[in-house]
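What follows is a short report on a single structure.
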Amino acid sequence: MTVLDHNSPAVDWKDMSKLTERVYECRVWLCPEDEGGYSAIVPSLPGVASQGETQEETLDGIKEAFQGVVAEYLEAKEEIPWCHDITRQKPNSTIEKWILVNV
């Protein structure tokens, strides 16, 4: 999994062209939980959520959830219900990451 944040170098899209799957750039909000660990959502795709003990574990879970949801829509030949709500604000103390997900 590729995780991008403000410190990440540019992605080499030449390497990405060799993939046979669809590649999605996915914004993830990681929320530290009071009792420990993290929860995460993909704000642009309703229903994609995960949780884990570490950021990496949580991002692995969100990747799997994203792949599963998108694959269901693609297999059913249904339109993916992307949420383009530009007024939605990231909650305080939330960490924003960008990941590339192959489906």
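The values are calculated or read from the model by the stated rules, or taken from the named source; none is laboratory data. Please read all numbers here as calculations on a predicted model, not as lab measurements. Counting neighbours? That spans all protein chains shown, and the Cβs are built from the backbone with ideal geometry, glycine included.
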Open item on the list: Here's a check for you: in region 33-44, which residue that is surrounded by 14 or more Cβ atoms within 10 Å (Cβ to Cβ) and of a type outside the set (Gly, Ala, Ser) is modelled with the highest pLDDT?
Closed with: Tyr38
TODO: Please state which one of Lys77, Lys63, Lys97 is modelled with pLDDT of 90 or more, assigned to a loop (DSSP other than H, G, I, E, B) and out of contact with any His (no Cβ under 7 Å at 6 or more places or on another chain).
DONE: Lys77
Task: For Arg88: the one exception among (1) under 10 Å from the mean Cα position of the chain (by Cα); (2) over 17 Å from Glu21 (Cβ atoms) - done: (1)
Open item on the list: Among the residues in region 58-65, are any charged (D, E, K, R), touching an Asp or Glu at 6+ places or on another chain (Cβ under 7 Å) and under 27 Å from Glu21 (Cβ atoms)?
Closed with: no
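Give me a count of the residues in region 20-29 that are in contact (Cβ under 8 Å) with a residue 60 or more places away in the chain and more than 9 Å from the chain's Cα centre (by Cα).
Count: 3.
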Task: Residue list for region 30-50, restricted to those being in contact (Cβ under 8 Å) with a residue 24 or more places away in the chain and assigned to a loop (DSSP other than H, G, I, E, B) - done: Val42, Pro43, Ser44, Leu45, Pro46
TODO: Would you tally the residues in region 45-94 being among the β-branched types (Val, Ile, Thr) and exposed (fewer than 15 other Cβ atoms within 10 Å of the Cβ)?
DONE: 4
